[in-house]
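Report on the structure given below.
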2 protein chains.
Amino acid sequence: MATMQDVANLAQCSLSTVSYAINNTRPISAATRQRIEQAMRELDFRPNQIARSLASRRSNILALTFPGTENTLGSTIMEFVTGAAQAARERGFHLVVWPYAPAQADEMLQMSRQGLADGIIVMEVRRDDPRVRLLDEHQFPLTMIGRAEDGTDSRCVDVDFEQTAEAAVAHLAELGHTDIVLLNHSADSRDHGYGPTLRIAEGFHRVMGRRGLTGQVLWCDETPAAGRRAIDELTGRWPAVTAMVAMNEHAVIGAVGGLAGRGIAVPQTFSVLSIVTSPLMAQMAEPALTILHSPGADLGRLGVQNLLDQLDGRRPAPAPTLLPCRWEAGRSTGPVPPVIHRPR
Amino acid sequence: MATMQDVANLAQCSLSTVSYAINNTRPISAATRQRIEQAMRELDFRPNQIARSLASRRSNILALTFPGTENTLGSTIMEFVTGAAQAARERGFHLVVWPYAPAQADEMLQMSRQGLADGIIVMEVRRDDPRVRLLDEHQFPLTMIGRAEDGTDSRCVDVDFEQTAEAAVAHLAELGHTDIVLLNHSADSRDHGYGPTLRIAEGFHRVMGRRGLTGQVLWCDETPAAGRRAIDELTGRWPAVTAMVAMNEHAVIGAVGGLAGRGIAVPQTFSVLSIVTSPLMAQMAEPALTILHSPGADLGRLGVQNLLDQLDGRRPAPAPTLLPCRWEAGRSTGPVPPVIHRPR
């Protein structure tokens, strides 16, 4: 019986490319696809052999992996885990959590190859993530919450950052704000290619640009103390700014405290909109924050569904599934003040 | 070859009792111990058969289980996971997280019996916890972070709540406070027998009593909004209170906001000491909170060590291991005000 490696040899391409062609998980060129399909016919190779062989040694366990020692599993990320666990349970699977950072990709692969899970949901994906690369090399079924590499992989489910940036800026622009800053994740996360950091910055600049506005970005460590320092930087560098879009839920709490410490009233003279966050974090600030609530529970469910579709040999969606954030009103945004009286 | 069940039958006791006697994991009466030891001699039963048989089918995986859909894995709980994962890695084991609440004890047992872990660390233990009961019935190795039942089980590692209550009250008493309230977890957690809720309340009353003081307890849901409401209750019922010990890290953020909203200055006229919490949560409040830092990372390490001692047939500690919290100064406690001017 022909193997996928035989197909790859005959079609003169890599094993991964054969897998992408079979599972439609990444775009490949028409010429390559033709060579692969011809090789499959010549060898009488049936793609769903893979699904069948997987079915025979199923553990009925799905693993969700996230960088445990680097990130805190705050309430926002916990919504992903809860959504995924419930979806898995409904389909007769167990969900377990593996705390592996990208640097521990080897350990994670070892676990996968022991048959300890039928598939893996990779969270907090970096653009070039060794966990995804290794699993793909070993043909191990995976989905991603987030997007690796070029963002076309249909095994991804993610927040629609472009749409979220648009919704955030539109809300503040309607209130009359034109000088808007983005409080983003750290410069470190940007330099490591952390997808959300990069995508929200790109989206923010694009939607500001469409309105003829120039937005500023503050890169900020993920702590309230760093959020306080960001307000010092903001008031020093860009005193005309009247509104903040924040995608850094620990820092934004400190930022609101820093504004209060300088006598800058929220929302009377300064608006704060916290995005890709959870209602619990919104309540941590005074006043309670207006937010765009991360669709974590739904993404967790979709990640499980996408993975089970692969395991069952069903054809997945043709492109990544992106979900918008949900609007939840707090008391932290308001009309731009007619004249700004701000202590420097 | 004799089995543990043979020993139990001959000694006329339960299988669990034989296990407790062999592993010294719970106190049993001298008479019962004598019967078990005599049965073991008669049957030529060697206790470390258990350890050996376990060794032969080891997965090298330890599972840490916590009630995923009920609790948020905040930064404080995350310190346990990180400590346990590092300790496991150093000993050549993988740590995985199983999100099972007490009500899902059956599912957890199913995973355990599939050989998917060599032992389980149970977090957020209730006094009568079905997860612990089921695992014990099936002789599955476990340790607990927290304490089940009567609190004598040597497989437990936990925060020393008595000592923590003493340290908290001593600090506030030295500053001159005599009217002190405990902001505890919810009445619901108390009614479910959640250990930390019960132990801190008992410890608080005892250490206050030793000083001839009467402490009040506020039972509070685990949200900032509930913390704000608790301040309304506090100022209405006990206006003379000048200090709060808080063991509810989400609520305490709202409580500090609620105090500010009523013009009650922290720490000038009211002191707040947050206990069994993490430095990240301390920074969420304005002013930053003085805390007793939960020894989570060390407890995670000890939980792993205790479990591996059992797996290796080593004799565990004779009693639960309790660790104190660590003092970390913030800006939220100060001397009792000479005269209280408080808006009602």
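The values are calculated or read from the model by the stated rules, or taken from the named source; none is laboratory data. Keep in mind that this is a model prediction, so the values were computed, not measured. No Cβ is skipped: glycine too gets one built from the backbone with ideal geometry, and neighbour counts run over all protein chains shown. Ligands, DNA and RNA are stripped out before the accessible areas are found, and what is left, the full protein with its side chains, is counted by its heavy atoms. Shrake-Rupley method; radii C 1.70, N 1.55, O 1.52, S 1.80 Å.
Roll a 1.4 Å probe over the protein chains and send me the accessible area per residue for the stretch A:4-43 in Å².
It amounts to 53 Å² per residue over the stretch A:4-43.
Given the stretch A:144-232 reduced to its alpha-carbon atoms as identical point scatterers, what log10 I(q)/I(0) does the Debye formula return at q = 0.15, 0.20, 0.22 Å⁻¹?
-0.63, -1.01, -1.13
With viscosity set to 0.692 mPa s at 37 °C, what whole-number translational diffusion coefficient in µm²/s follows for the stretch A:4-43 from Stokes-Einstein and a Kirkwood radius over Cα pairs?
343
With r defined as the distance between the Cβ atoms of A:R206 and B:A329 and R0 fixed at 30 Å, what FRET efficiency is calculated, to the nearest 0.05?
It comes out at approximately 0.10.
Label the stretch A:194-255 by shape, choosing from rounded, prolate and oblate, from the square roots a ≥ b ≥ c of the eigenvalues of the Cα gyration tensor; if a/c is under 1.5 it is rounded, and otherwise prolate applies when a/b is larger than b/c, oblate when it is not.
oblate
Please name which of B:Q34, B:A226, A:S16 has its Cα lying farthest along the dipole of the protein assembly as shown towards the positive end, using unit charges on Cβ (Lys, Arg +1; Asp, Glu -1) and the Cα centre as origin.
So the residue furthest toward the plus end is B:A226.
Residue by residue through the stretch B:111-118, what is 3J(HN,Hα) from phi via Karplus (6.51 cos²θ - 1.76 cosθ + 1.60, θ = phi - 60°)? Round to whole Hz and write x for glycine and proline.
Values, residue by residue: 4, 4, 6, 7, x, 7, 7, 7 Hz.
Full-extension gain between B:A187 and B:L175, please, as 0.36 nm times their residue separation minus the C-alpha to C-alpha distance.
Values: separation 12, 0.36 × 12 = 4.32 nm, distance 2.96 nm.
Computed gain between B:A187 and B:L175 is 1.4 nm.
Show that you can apply the helix-only estimate: for chain A, add -39,500 (n - 2.57) for every DSSP H stretch of four or more residues, divide by all residues, and state [θ] at 222 nm to the nearest 500.
Result for chain A, helices only: -13500 deg cm²/dmol.
Would you pull out the residues with amide H under 5 Å of A:M244's amide H, same chain only if 5 or more places away, H placed 1.01 Å from N?
A:V181, A:S271, A:V272, A:L273
With the convex hull built on the Cα atoms of the stretch A:71-202, state its orientation-averaged projected area in nm².
Numbers: hull surface 38.4 nm².
Directional mean of the projected Cα hull area for the stretch A:71-202 stands at 9.6 nm².
Using the alpha-carbon atoms, what tilt in degrees (0 to 90, nearest 10) does helix A:249-261 show relative to the longest principal axis of chain A?
Approximately 0 degrees, to the nearest ten.
With axes computed from alpha carbons, what is the tilt in degrees of helix B:224-237 against the longest principal axis of chain B, rounded to the nearest 10 within 0 to 90?
The helix B:224-237 is inclined about 60 degrees to chain B.
Relative contact order of the stretch A:240-290: what whole-number percent is it, with Cα pairs under 8 angstrom and at least 6 residues apart?
42
Gaussian network model of chain A, Cα springs within a sub-10 Å range: biggest mean-square fluctuation belongs to which of A:L299, A:L280, A:L62?
A:L280
Would you mind getting me the FRET efficiency between B:R314 and A:D232? Use the beta-carbon distance for r and R0 = 45 Å, nearest 0.05.
That gives a FRET efficiency of 0.25.
Using a 1.4 Å probe and counting only protein heavy atoms, arrange A:R91, A:R315, A:R210, B:R262 so the residue with the most accessible area comes first.
The ordering from most to least exposed comes out as A:R315, A:R210, A:R91, B:R262.
Using only the Cα atoms of the stretch B:161-293, each taken as one equal point scatterer with no solvent, compute I(q) by the Debye sum, divide by I(0), and report log10 of the ratio at q = 0.09, 0.11, 0.14 Å⁻¹.
Debye curve over Cα of the stretch B:161-293, log10 I(q)/I(0) at q = 0.09, 0.11, 0.14 Å⁻¹: -0.21, -0.32, -0.53.
One decimal, nm, shortest first: give the distances between the label point of B:R237 and those of the same position in the other copies, each label point 7 Å from Cα along Cα→Cβ.
4.9
Report, in degrees rounded to the nearest 10, the 0 to 90 angle that the Cα long axis of helix B:75-90 makes with the longest principal axis of chain B.
30
Got a sec? Which residues in the stretch A:140-168 would a label at A:I28 touch, if it sits 7 Å along Cα→Cβ and we count backbone N under 15 Å?
Taking a point 7 Å out along Cα→Cβ of A:I28, the residues of the stretch A:140-168 whose backbone N falls under 15 Å are A:140, A:153-154.
If you look at just the Cα atoms of chain A, how large are its Rg and its Dmax in Å?
Taking only Cα atoms of chain A, I get Rg and Dmax of 22.7, 78 Å.
Find the eigenvalues of the gyration tensor of the Cα atoms of the protein assembly as shown, then list the square roots of 5 times those eigenvalues as equivalent ellipsoid semi-axes, largest first, in whole angstrom.
44, 42, 16
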